Amino acid sequence: MTQKLRKPLNQMKADFFKTLGHPARIRVLELLSEREYAVSEMLPEVGIEPANLSQQLSILKRAGLVSARREGLSVSYVLTSPDIADLLATARSILSTVVAGQAEMLD
C-alpha cells in the first residue's frame, strides 16, 4: 500500500495562513505588492531589526511567497505571484467590512 506523501489541502491552507500570521511578514508582503524592494529599503518601512527582517524574509522565501535576487551586495525581493497581492487586498476589504459592522453595533 502506497503511503500518502502530500498533506491534506486543509492542513496546507492552515500552514499557509500560519506563515502569514506575523505583522512584519504581512508588512513585507504589502510592500512587495507595490514593487520589488531591496532589503535596505524595507528596513525603515517594516521597522524591525535587520536580523529579524532577514529571518522573516527567509520564512516567506521558504514558503514560496517571495523570491530573492542578489545584485552585488544588495538583495532584492519580489512576490512570486500577483495572487498574494490580491489576497492581501481581499483581507483588507473583509476587515473593513468587519470593522464597519462592529462600529455600527456600537452606535
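The values are calculated or read from the model by the stated rules, or taken from the named source; none is laboratory data. Please read all numbers here as calculations on a predicted model, not as lab measurements. Quick reminder, even Gly has a Cβ in these numbers, built from the backbone with ideal geometry, and neighbours come from all protein chains shown. Remember, those area values only see protein heavy atoms, side chains included, never the ligands or the DNA or RNA. Shrake-Rupley method; radii C 1.70, N 1.55, O 1.52, S 1.80 Å.
List of remarks:
- For the chain, the mean residue ellipticity at 222 nm estimated from helices alone is -20500 deg cm²/dmol, where every DSSP H run of n ≥ 4 contributes -39500 (n - 2.57) and the total is divided by all residues, rounded to the nearest 500.
- Taking Cβ atoms as reference points and 14 Å as the exclusive limit, the residues near residue 38 contribute a net charge of -2, counting Lys and Arg as +1 and Asp and Glu as -1.
- Ordering 83, 15 by accessible surface, largest first, gives 83, 15; the 1.4 Å probe counts only protein heavy atoms, with every chain in place.
- Its Cα centre serving as origin, the chain has a Cβ charge dipole (Lys and Arg +1, Asp and Glu -1) of approximately 760 debye.
- Charge tally around residue 19: other residues with Cβ under 13 Å, Lys/Arg +1 each, Asp/Glu -1 each, net +4.
- Listed options for volume of the Cα convex hull per residue in Å³ are [x] 84; [y] 134; [z] 152. The value calculated from this structure is the one marked [z].
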